[in-house]
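Following: one structure in structure tokens, then a few remarks.
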Amino acid sequence: MPVQSKLKGLIAEFGLSQKQLAKHLGITLRTFNDKINGKTDFSLKEARIVSSYFGKPIEEIFLECKLTQTKQN
């Protein structure tokens with residue numbers, strides 16, 4: 001699942017608005033929208049704040065897990 005979808009899902013799950021989370025991060029809504037839509041990246045500091053806010057590891061929110069199937073002989 002893409003990072004943006006994970007974060008949007010958490011925002012909805014917690015009943016927040018993007019504006020509320022942007023304010024918590026100390027950034028404008030426009031900047032937040034750029035980040036959540038993949039136009040710019042979240043800084044490590046911002047990722048830590050988001051991680052702490054939702055009580056989830058940074059990796060769970062911001063890293064896209066891609067598993068590949070290997071063929072066994």
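For the reader, a short list of remarks on this structure follows.
- Only residues that are among the hydroxyl-bearing types (S, T, Y) and surrounded by fewer than 11 Cβ atoms within 10 Å (Cβ to Cβ) were counted in region 18-51, giving 0.
- When the residues of region 1-39 are filtered to those that are within 12 Å of the chain's Cα centre (by Cα) and not in a helix (DSSP H, G or I), the one that is nearest to F62 (Cα to Cα) is P2.
Every read-out reported here was derived from the displayed coordinates using simple, explicitly stated rules and does not represent laboratory data. Note that the coordinates shown come from a computational prediction; the quantities given were computed from them, not determined experimentally. Glycine gets a Cβ as well: all are built from the backbone with ideal geometry, and neighbour counts include every protein chain shown.
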